[in-house]
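Read the structure below first, then the notes.
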Amino acid sequence: MKRIRFSPLLFRRIHKWMGLILGIQFVIWALSGSVMALLDMEKVGGHSPSAADTPALDATGYAAVASLASGADVTGVTLRSLGSQPIYELHTPAGVRLFDAATGAPLAIDAAAARRIAAQANDAPVTRARLLPGPNLESRDFAGPVWRIDFADEENNSAYVSAETGRFLIMRGDTWRTWDFFWMLHNMDYLNRTSFNHPLIVFVAFGTLWISGTGFYLLFKSFSRADFRWLRRRRRGARS
């Protein structure tokens, strides 16, 4: 079995190809960082209108919460508004249940309700409403089924509304989508686009450490005593 000889030539070859691979990634980092810095951050940021959930409510005139539980274990109750309608949000082990706070009638967030909620954040025409069983990349910061409401505006905005609670979650447009693509390239998380702590970027970190270490090693190996003859001659001249 032939043994691998750890010679300067071997380190030089590995250093060369590793430098090519990491050099491409360094270019991607510089490009993606520049694009993200140049984009309009006002358009990049998601829009969450606080008025959708926090209008003023009357202090009295609501149905008794106890009559709505129907024997279920209630872990939390919130009185809030859904648009201009006061509702109860009951949290149970089985999930969130919504009720009309005035009549006690159960509520469901259907396509029409999701459109009305999203319209509070965007007055452009709605082109489509789709129920997603779970969050996608654009609504990845949230959990549970969501309604995606698409608008016909300049940014091709899409609003996300929780199908369980009816809360407005986030608005995403083309500028954000461009930013998110380059963010994916920047943090190298090509699946979830959220984490800097994943195996690929750890590999790049150790690869950079390898490049630095072998670079210093090859730097010293590339010199010989003959390269310093001029220094010795200069010292002799100074002594004479």
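The values are calculated or read from the model by the stated rules, or taken from the named source; none is laboratory data. All figures in this text were calculated on a predicted structure; none of them were measured in a lab. With ideal geometry, Cβ positions are generated from the backbone for all residues, glycine too; neighbour counts draw on all protein chains shown.
For residues that are surrounded by 11 or more Cβ atoms within 10 Å (Cβ to Cβ), at pLDDT below 75 and part of a helix (DSSP H, G or I), tally how many sit in the stretch 15-67.
Qualifying residue count, the stretch 15-67: 3.
Here's the yes/no breakdown for (1) in contact with an Asp or Glu (Cβ under 9 Å, 6 or more places away or on another chain); (2) assigned to a helix (DSSP H, G or I):
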{"residue": "150", "(1), (2)": "no, no"}
{"residue": "154", "(1), (2)": "yes, no"}
{"residue": "192", "(1), (2)": "no, no"}
{"residue": "196", "(1), (2)": "yes, no"}
{"residue": "200", "(1), (2)": "yes, yes"}
{"residue": "204", "(1), (2)": "no, yes"}
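Among the residues in the stretch 167-179, are any part of a loop (DSSP other than H, G, I, E, B) and under 30 Å from residue 77 (Cα atoms)?
Yes; the residues of the stretch 167-179 include at least one that is part of a loop (DSSP other than H, G, I, E, B) and under 30 Å from residue 77 (Cα atoms).
Give the stretch 111-125 a look and list any residue that's crowded, with 17+ Cβ neighbours inside 10 Å and not in a helix (DSSP H, G or I), or say none.
121, 122
Kindly provide the set of residues from the stretch 118-137 that are more than 14 Å from residue 170 (Cα to Cα) and touching a strand residue (DSSP E or B) at 6+ places or on another chain (Cβ under 8 Å), ordered by number.
Within the stretch 118-137, 124, 125, 126, 127, 128, 129, 130, 131, 132, 134 meet the criteria.
Confirm whether residue 140 is over 25 Å from residue 65 (Cα atoms), assigned to a strand (DSSP E or B) and either among the basic types (Lys, Arg) or out of contact with any helix residue (DSSP H, G or I) (no Cβ under 6 Å at 6 or more places or on another chain) (or both).
No; evaluated as a whole, the condition is false for this residue.
What residue, among those in the stretch 148-185 that are within 19 Å of the chain's Cα centre (by Cα) and aromatic (Phe, Trp, Tyr), is surrounded by the fewest Cβ atoms within 10 Å (Cβ to Cβ)?
Taking the candidates together, the pick is 181.
Of all residues in the stretch 86-106 being in contact with an Asp or Glu (Cβ under 7 Å, 6 or more places away or on another chain), modelled with pLDDT under 90 and surrounded by 12 or more Cβ atoms within 10 Å (Cβ to Cβ), which is nearest to residue 126 (Cα to Cα)? Break it down stepwise before answering.
Taking the stretch 86-106 and keeping what is in contact with an Asp or Glu (Cβ under 7 Å, 6 or more places away or on another chain), we get 87, 92-93, 95-96, 98.
Applying the additional criterion that residues be modelled with pLDDT under 90 yields 87, 92-93, 95-96.
Restricting the remaining residues to those that are surrounded by 12 or more Cβ atoms within 10 Å (Cβ to Cβ) gives 87, 92, 96.
On the way: 87: 25, 92: 33, 96: 27 Å.
By that ranking, first place goes to 87.
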